[in-house]
Amino acid sequence: MVSGTNRENLKSEAAGRLKSEAARGLKEESFFARLLRRAIGIFVVVASISIGWIYMGPVFLLEPERPAPAESLNSSVVAYPKKSSPLAEAGAAVKLNFFGDFVVSTGTRFKKFTIGGLSGLTFDSNTKRILTISDDRGRSGPPRWFEWGIDSTKPVVNPLGVVVLLDKSGKAFKDGELDPEGIALWPGKGVVVSSEGNIGQGIPPRLLLFSRTGRWLKDLPLPNVVLAKDPESKTPTLKGARDNQALEGLTIDPSHRWMYVAVEGVLEQDGPVSTREKGGVVRILEYDLSESEAPTAAQLAVELSPLPKAKTSGEDLGINGVSDILALSQRRFLLLERAYLLARSELFVKLFLVDCLKAEDISHLSSLEGHSPKKCEKELVLDFNREVEKFSHSEQRLDNLEGLTWIPWGAKKVLALVSDNNFRQEQQTQWIFYSLISEK
């Protein structure tokens, strides 16, 4: 999610990326090349897209220590899916209650490190700290995670520590070498981090295991299906994860046996990306952590939502994908999905309950083209665009949500979400909290 600071890169961001809805460090020319390849007979001019893409006008930012106003804590229960849905009939409802929110100003520093680019969450029950991975690839500092303590008196978390990721040699990773997106605590083993890499520059995605102090321990295996073809190869076949839409969501289930990694977007060989009529299909990788080398045990298919409807013709160019997942049990998740319409410069974020217990294992399929595997069931839990009126900060607008995890808050079980500000003044690091009312 980190992008260049100059005007051209920011304009490219607005046009090419779902995550903050901006392509990281890509040139405008590469965006057009990618766009022309994927569009069918459509040539789109995006030079007029605002650099601010979704965040127009002044931004009011709260200090991290400031609690959410009392009125923002009013009860507001959301209970999806509806009783008529297949998941609800199976007793799979999740009920959430808005608990509070607050914002960390862009540019806030902690121990000489800029807080920003927060792209994934996990909770350490031993230290009672929230870990947030920063997707900084070197612009504002080395790849790192921040650790946060929970304020028991109000819905606020406070930074307590920062851990810099170290490579095999014990040094900080070189600029651009990693693009950390997801983080999960593997009890007794360490911290797993997913990296998107930079496919356009020939840097592949990675799944890495670090010690609790940030020391590299090993790389975990990735299936060939997600790895891009050698960019120097003369074979024109496209394969693997798309640039800036590779490994994103990362979670380990409560039993600590199963780990899941969500590919953000549709693999090159798996078919078309989402349109207004139909959503594309993404893969979730399942790892069996009881095995010594943690091999992938299965791959599961999840259909994304269609792109939001455009208000007028010519406004339908957009992109969507998975920004994070949170395992409730084996093959059952909360899934955070985002969409972005370029012409309208508008962000859409939804939370879904996903059940893959009856889904087909597609690991034997190198491509989904021509196949119709049984996909995971998916039902809406929260539409965050309908939740903004509950937010406490004056703008009451939605930012680029990228991470979620469960945390304890006294006797409550709370779902914490955080946004990636891309280190841009137009954006903000937004924390949102929902207490769990019931889960079946």
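The values are calculated or read from the model by the stated rules, or taken from the named source; none is laboratory data. All values derive from a computational prediction rather than experimental measurement. Cβ: placed from backbone, ideal geometry, glycine included. Neighbour counts: every protein chain shown.
Here are a few things to note about the model shown:
- Evaluating Ile362 against the criteria (1) within 22 Å of Ile115 (Cβ to Cβ); (2) aliphatic (A, V, I, L, M); (3) assigned to a loop (DSSP other than H, G, I, E, B) leaves one unmet condition, (1).
- Residue, modelled with the highest pLDDT, within segment 197-230, restricted to residues that are touching a helix residue (DSSP H, G or I) at 6+ places or on another chain (Cβ under 8 Å) and part of a loop (DSSP other than H, G, I, E, B): Pro205
- Residues of segment 394-412 classified as outside any strand (DSSP E or B) and either within 12 Å of the chain's Cα centre (by Cα) or free of Cβ contacts under 8 Å to residues at least 12 places away in the same chain (or both), total: 3
- Picking from residues in segment 378-393 that are acidic (Asp, Glu) and within 20 Å of the chain's Cα centre (by Cα), the one that is nearest to Ser305 (Cα to Cα) is Glu379.
- In segment 230-252 there is no residue matching the filter, namely being over 25 Å from Glu337 (Cα atoms) and in contact (Cβ under 8 Å) with a residue 40 or more places away in the chain.
- Selected residue (only one of Asn244, Asn320 is buried (at least 20 other Cβ atoms within 10 Å of the Cβ) and at pLDDT below 90): Asn244
- Between Arg206, Arg212, the distinction of being crowded, with 17+ Cβ neighbours inside 10 Å and of a type in the set (Lys, Arg) belongs to Arg206 only.
- Checked against the criteria, Leu415 does not count as part of a strand (DSSP E or B) and surrounded by fewer than 20 Cβ atoms within 10 Å (Cβ to Cβ).
- Residue among Val261, Val266 that alone is touching a Gly at 6+ places or on another chain (Cβ under 6 Å) and either within 19 Å of Glu377 (Cα to Cα) or charged (D, E, K, R) (or both): Val266
- Restricting the search to strands (runs of 3 or more DSSP E) fully inside segment 93-189 and requiring at least 3 residues that are on the phi < 0 side of the Ramachandran plot and surrounded by fewer than 18 Cβ atoms within 10 Å (Cβ to Cβ) gives 157-164.
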